[in-house]
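A quick write-up on the structure given underneath.
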Amino acid sequence: LFVTDTKPQSQSLTVGHLPRVRPDFTFQTFAVSASNQLAFVSSQTVAKNIGKSYNPLFLYGPVGVGKTHLMHAVANDVYQKDPSKKILYITSEEFTNEVIEAIRNNDTAKMKRRFRSAYLLLIDDIQFIEGKERVQEELFHTFNILIDNGSQICLSSDRPPHEIKKLEKRLSSRFAGGLTVDISP
């Protein structure tokens, strides 16, 4: 039996897989082609070397090219090797909502502990934090702490970091500091 950290309002007990991570999205079920081979190999490398290779891993491309599948595959692979590791998969919208809710409820300490204690943090559709200064500030500090702790960060977007408008330069620089991989259709 495995209990994992999920959003406070929806804690769940799960057997055999991670909440919010599709168990069928694995490396074995990913259709590899010339347009996504680098992303596939890079994601496998990250899963085998958490915090050591390509940190952060930043996958970008249009809808439907497999970015989310690869992020789930990394999470599933890490979980299968060691289910005791804290793995958090979240969309940027959910991350934004949790930051705003924590500020509104004057409980940022709990939110910071939740994200900053992750072994593997995966944030999908990171482009949606553009223009959200307080959220970007929180993510910047969380990012630095996770990297310093040897944790792994994986991000996905519909465009590369330098094309995300209204993204703080320091955060854009952090996003591009590991490996940025374009996945084409």
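The values are calculated or read from the model by the stated rules, or taken from the named source; none is laboratory data. All of these numbers come straight from a predicted model, not from anything done at the bench. Glycine gets a Cβ as well: all are built from the backbone with ideal geometry, and neighbour counts include every protein chain shown.
Search the stretch 167-185 for residues that are under 16 Å from D125 (Cβ atoms) and pair each with any residue that is surrounded by fewer than 19 Cβ atoms within 10 Å (Cβ to Cβ) and of a type in the set (S, T, Y) when their beta-carbon atoms are under 8 Å apart and the residues are at least 6 apart or on different chains.
Cβ pairs passing all conditions: I183/S35.
Looking at the stretch 104-115, can you tell me whether even one residue there is touching an Asp or Glu at 6+ places or on another chain (Cβ under 7 Å) and either over 17 Å from S53 (Cβ atoms) or of a type in the set (A, V, I, L, M) (or both)?
Going through the stretch 104-115, the residues touching an Asp or Glu at 6+ places or on another chain (Cβ under 7 Å) turn out to be 111, 114.
With either over 17 Å from S53 (Cβ atoms) or of a type in the set (A, V, I, L, M) (or both) added as a condition, the list becomes 111, 114.
Yes, the stretch 104-115 has at least one match.
Might you let me know whether the stretch 163-170 holds any residue that is part of a loop (DSSP other than H, G, I, E, B), in contact with a helix residue (DSSP H, G or I) (Cβ under 6 Å, 6 or more places away or on another chain) and either farther than 29 Å from V32 by Cα or modelled with pLDDT under 95 (or both)? Full working, then the answer.
Keep residues of the stretch 163-170 that are part of a loop (DSSP other than H, G, I, E, B), which gives 164-168.
In the following step, the residues that additionally are in contact with a helix residue (DSSP H, G or I) (Cβ under 6 Å, 6 or more places away or on another chain) were identified as 164, 168.
Right, trim to either farther than 29 Å from V32 by Cα or modelled with pLDDT under 95 (or both) and you get 168.
Yes, the stretch 163-170 has at least one match.
So, in the stretch 30-47, of the ones that are without any contact (Cβ under 8 Å) to a residue 12 or more places away in the chain and not small (G, A, S), which residue ends up nearest to K85 (Cα to Cα)?
Only one residue tops the list, namely T45.
State the number of residues belonging to the stretch 103-132 that are within 13 Å of the chain's Cα centre (by Cα) and polar (S, T, N, Q).
First, pick out the residues of the stretch 103-132 that are within 13 Å of the chain's Cα centre (by Cα): 115-116, 118-127.
Narrowing the set further to residues that are polar (S, T, N, Q) leaves 127.
Total satisfying the criteria: 1.
If I164 meets every condition in (1) over 16 Å from the mean Cα position of the chain (by Cα); (2) surrounded by fewer than 18 Cβ atoms within 10 Å (Cβ to Cβ) apart from one, which number is that one?
(2)
In the stretch 137-154, how many residues are crowded, with 17+ Cβ neighbours inside 10 Å, among the β-branched types (V, I, T) and either at pLDDT below 95 or over 14 Å from I87 (Cα atoms) (or both)?
2
Go through (1) of a type in the set (A, V, I, L, M); (2) buried (at least 20 other Cβ atoms within 10 Å of the Cβ); (3) at pLDDT below 95 and name the single condition L1 misses.
Unmet condition: (2).
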